[in-house]
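Remarks on the structure that follows.
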């Protein structure tokens, strides 16, 4: 398997990794201004819905999410284009943040890319299905099964210890839902446009 090494396939993931790394390096100076903090968001600091995703609880957490970005690039990078990838990540971070704000009022603080990455995973699985790759169905069923398991059983205690924070399984849920809404919406728009063109 050839890795997707074209510039337009690499630039989006590298941008996300660079932002996350810079946020980590300057964590002491920016954390309090950028972290997802429910009360601050409700007082109008809406940017935290997005910026909180690029902060991490510790280096292990950063490595884990960076590994997720790289894994998804390896799986679906053939379908990446820089502007659409960054736009998609913006939608996934915002959608996950809004999900937490509206549906999980008990969650006062949140950091990490995992919710948005679940949405990106759903999009990638849909791309595989669109291109006739059977693996896409397995990936889609796998992520849905993971979400159901997490909601029923809870998060891994080992993972929580590894990242030195609670695992935000609700963020995984909302990221996945956001991804499903996105692929459903784009499919409906594409279908409508095809019908108009007939």
> Here is a list of conditions, (1) free of Cβ contacts under 8 Å to residues at least 40 places away in the same chain; (2) more than 22 Å from residue 122 (Cβ to Cβ); (3) out of contact with any strand residue (DSSP E or B) (no Cβ under 8 Å at 6 or more places or on another chain), and residue 45 meets all of them except one; can you say which number that is?
Replying inline: (3)
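Return a yes/no flag: does region 158-181 have any residue that is at pLDDT below 90, surrounded by 17 or more Cβ atoms within 10 Å (Cβ to Cβ) and not in a helix (DSSP H, G or I).
yes
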> Take the residues of region 91-125 that are farther than 20 Å from residue 56 by Cα and touching a residue at least 60 places away in the same chain (Cβ under 8 Å): which is surrounded by the fewest Cβ atoms within 10 Å (Cβ to Cβ)?
Replying inline: 105
>> Tally up the residues in region 58-74 that are touching a residue at least 60 places away in the same chain (Cβ under 8 Å) and either crowded, with 20+ Cβ neighbours inside 10 Å or touching a strand residue (DSSP E or B) at 6+ places or on another chain (Cβ under 6 Å) (or both), please.
In response: 2
> Among the residues of region 127-134, is there at least one that is modelled with pLDDT of 95 or more, under 22 Å from residue 93 (Cβ atoms), in contact with a helix residue (DSSP H, G or I) (Cβ under 8 Å, 6 or more places away or on another chain) and not in a loop (DSSP other than H, G, I, E, B)?
Replying inline: yes
>> I need the full set of residues from region 64-83 which are over 13 Å from residue 113 (Cα atoms) and part of a helix (DSSP H, G or I), in order please.
In response: 71, 73, 74, 75, 76, 77, 78, 79, 82, 83
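Of all residues in region 182-197, count the ones that are touching a helix residue (DSSP H, G or I) at 6+ places or on another chain (Cβ under 7 Å) and modelled with pLDDT under 95. It would help to see each step written out before you state the result.
First, the residues of region 182-197 that are touching a helix residue (DSSP H, G or I) at 6+ places or on another chain (Cβ under 7 Å): 182-183.
The next check asks that each one be modelled with pLDDT under 95; those that pass are none.
Summing the residues that are touching a helix residue (DSSP H, G or I) at 6+ places or on another chain (Cβ under 7 Å) and modelled with pLDDT under 95 in region 182-197 gives 0.
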> Of the residues that make up region 31-39, is at least one closer than 18 Å to residue 11 by Cβ and touching a residue at least 12 places away in the same chain (Cβ under 8 Å)?
Replying inline: no
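The values are calculated or read from the model by the stated rules, or taken from the named source; none is laboratory data. These numbers come from a predicted model, not from an experiment. Every residue, glycine among them, receives a Cβ derived from its backbone with ideal geometry; neighbour counts consider all protein chains shown.
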